[in-house]
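Encoded as structure tokens, the structure appears first; notes follow it.
The values are calculated or read from the model by the stated rules, or taken from the named source; none is laboratory data. This is a predicted model, so every value here is computed, not measured. Glycine gets a Cβ as well: all are built from the backbone with ideal geometry, and neighbour counts include every protein chain shown. Surface areas here come from the heavy atoms of the whole protein model, side chains and all, with no ligands, DNA or RNA. Shrake-Rupley method; radii C 1.70, N 1.55, O 1.52, S 1.80 Å.
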Amino acid sequence: MIFWVDRIENVFKTSVTYRRVVYLNDNPILNRFWDDLPMSRSELYKEDYELAHSIDRNNEVLYRDIHAACKTVWNFRSCWFRNGENLASIQTTEIIPVDLYSLMFQL
């Protein structure tokens with residue numbers, strides 16, 4: 001559990017999100033999938049690089065969303081995509097997933 005809430009003590013004075021943690025106005029703290037690496041995947045460097053440079057989006061955010069999706073075990077499902085269809089619209093770090101809470105509860 002420490003992994004999910006590591007070093008968040010004073011973060012929420014200036015932000016509502018920090019790494020894997022999301023703070024809501026009514027005080028609950030929720031978790032999301034996250035990855036600290038804002039770079040392309042080494043095994044698919046060319047594909048990720050080409051995608052990042054073909055769309056109008058912050059590359060670091062895109063790469064982080066791709067890495068986070070890889071770590072979900074669910075991999076690339078349409079639920080991670082804003083338009084439900086393609087990798088260019090991936091938004092993994094913007095979603096509070098129910099399946100993550102099921103796993104955390106079981107642990």
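Might you work out the accessible area of TYR18 for me, using a 1.4 Å probe with all protein chains in place, and round it to the nearest 10 Å²?
For TYR18, solvent-accessible area is about 70 Å².
What accessible surface, in Å², does a 1.4 Å probe find on GLU85, ignoring ligands, DNA and RNA and rounding to the nearest 10?
Looks like 150 Å² after rounding.
Over every pair of different alpha-carbon atoms in the range 60-105, take the mean of 1/r and invert it; report that Kirkwood radius in Å.
Numbers: mean 1/r = 0.0935 Å⁻¹.
Hydrodynamic radius (Kirkwood, Cα only) of the range 60-105 equals 10.7 Å.
How large are Rg and Dmax for the range 16-78 when only the alpha carbon atoms are used, in Å?
13.5, 43
With a 1.4 Å probe and all protein chains in place, put TRP80, TRP74, TRP34 in order of accessible area, largest first.
Details: TRP80 5, TRP74 130, TRP34 45 Å².
Sorted by accessible area, descending: TRP74, TRP34, TRP80.
So what is the relative contact order of the range 32-107, in percent, for Cα pairs below 8 Å that sit 6 or more residues apart?
On the way: 90 pairs, mean separation 26.9, N = 76.
That works out to 35 percent.
Using 7 Å Cα-to-Cβ label points, what is the ASP36/ASN83 separation (nm, one decimal)?
Result for the modelled spin labels: 3.4 nm.
Using the beta-carbon distance between TYR23 and GLU50 and R0 = 35 Å, what value does 1/(1 + (r/R0)^6) give for FRET efficiency, to the nearest 0.05?
Numbers: r = 36 Å, r/R0 = 1.02.
About 0.50, to the nearest 0.05.
Using a probe of 1.4 angstrom, how much of the accessible area of the range 55-100 is carbon and sulfur, in percent?
Details: 1260 of 2500 Å².
The computed percentage sits at 50.
Ignoring ligands, DNA and RNA, how do LEU87, LEU37 rank by accessible area with a 1.4 Å probe, largest first?
Numbers: LEU87 50, LEU37 75 Å².
Sorted by accessible area, descending: LEU37, LEU87.
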